[in-house]
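Contents: one structure, followed by commentary.
None of the figures in this text is laboratory data; all of them are computed from the coordinates on show. Because the structure is a prediction, the values reported are computed rather than measured. As a convention, Cβ positions derive from the backbone with ideal geometry for all residues, glycine included, and neighbour counts pool all protein chains shown.
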Amino acid sequence: MKSLSIIETILRNRFPFFVEIRDSVDLPRKMRQMIVASLACLFVYGAVLGSTHSVLQALSSAVKLPVLFLATTAICAPTLYFFSVLFGSNQTLSQSACLLLTAVTVSAVLLLAFAPVSLFFLLATSNYQFFKLLNVAIFAVVGLRGARFLGQGMAIVADNQESAASRRTVMRLWIVLYGLVGSQMAWTLRPFVGAPSLPFELFRNLGGTFFANVIGSLGEVLGFWMVR
């Protein structure tokens, strides 16, 4: 129930929530609740991703998707904090971590909202590459929305301590960094969507890159449609 409460607070009362972060009101409790809420939502969506293959893949993806988000956030958090300080922000490391967890929680909730859509296409199509690209697109949309939410929070927490131009520069640089780290982390932890023609694998070899794989999948899907 507390996890649902924190989600509703973030989505419906974001301004007072960000003001409390600015004033450092009960940050440890907020962070614990957001972590629990994010884990639950990401667990469900991960299970949907792995359902294309087997029960083992569903369980594996359900565990690996929260690890992907939280590990990427942990790796990129110091960069956001120190760059913010460099550009004039006075926010503390705890405030920065809380803001990042807010963005992760929003992204996780949006993924949960997309779960029925992903499940529908899982049942409605047998094209593995299309389903994989669909979920890449969903993650991109969700990630951008989470980043925008983070930007709103940073503007409130900054409280005119830094210029808007400096804050936008930090955000743009950090979003690019987060995307690169996140995509490589996803490639390292793959598979999330198990290929139907392959046996269950907890991890795969690190050959290739995430972006090359996406381009290859896109070419395969477009070629399939053109042939049809």
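Assuming R0 = 45 Å, what is the FRET efficiency of L11 and L218, from their Cβ-Cβ distance, to the nearest 0.05?
0.85
Once you keep just the Cα pairs under 8 angstrom separated by 6 or more residues, what percentage relative contact order results for the range 53-147?
Dividing the mean separation by the residue count of the range 53-147 yields 26 percent.
Taking Cα pairs under 8 Å and at least six residues apart, what relative contact order does the chain come out at, in percent?
For the chain, the relative contact order is 28 percent.
Take the alpha carbon atoms of the range 22-72, find their center, do the same for the range 79-99, and report the distance between the two centers in whole angstrom.
For the range 22-72 versus the range 79-99, the Cα centre distance is 24 Å.
Given the options T188, T169, T125, state which has the largest fluctuation in a GNM of the chain using a 10 Å cut-off (strictly under) for Cα springs.
T125
Which whole-number percent is the relative contact order of the range 1-112 (Cα, under 8 Å, 6+ apart)?
Value for the range 1-112: 35 percent.
For the chain, build the charge dipole from Cβ charges (+1 Lys, Arg; -1 Asp, Glu) around the Cα centre, then report which of N127, I175, V104 sits farthest towards its positive end.
With unit charges placed on the Cβ atoms, the residue in question is N127.
If R0 is 30 Å, what FRET efficiency do you get for A155 and A40 from their C-beta distance, rounded to 0.05?
So the FRET efficiency works out to roughly 0.60.
Looking at the chain as a GNM with Cα springs under 10 Å, which of L111, L134, L80 has the largest mean-square fluctuation?
Looking only at L111, L134, L80, the biggest GNM fluctuation is shown by L134.
Before rounding to the nearest 500, sum -39500 (n - 2.57) across all DSSP H runs of length at least 4 in the chain and divide by the residue total; then give [θ] at 222 nm in deg cm²/dmol.
-28000 deg cm²/dmol
List residues of the range 171-199, by number, whose backbone nitrogen lies under 14 Å from a label position 7 Å along Cα→C-beta of F211.
Residues 176-185 qualify, since their backbone N sits under 14 Å from the label point.
Output the 0 to 90 degree angle, nearest 10, between the alpha-carbon long axis of helix 128-158 and the longest principal axis computed from the alpha carbons of the chain.
Long axis of 128-158 versus the principal axis of the chain: about 0 degrees.
For the chain, take the longest principal axis of its alpha carbons; what is the angle in degrees between that and the long axis of helix 164-189, to the nearest 10 within 0 to 90?
Its long axis makes an angle of about 30 degrees.
Cα axis of helix 55-86 to longest principal axis of the chain: angle in degrees, 0 to 90, nearest 10?
30
Given (i) 28, 19, 16; (ii) 34, 19, 15; (iii) 62, 19, 16, which label gives semi-axes √(5λ) of the Cα gyration tensor in Å as computed from the coordinates?
Answer by label: (ii).
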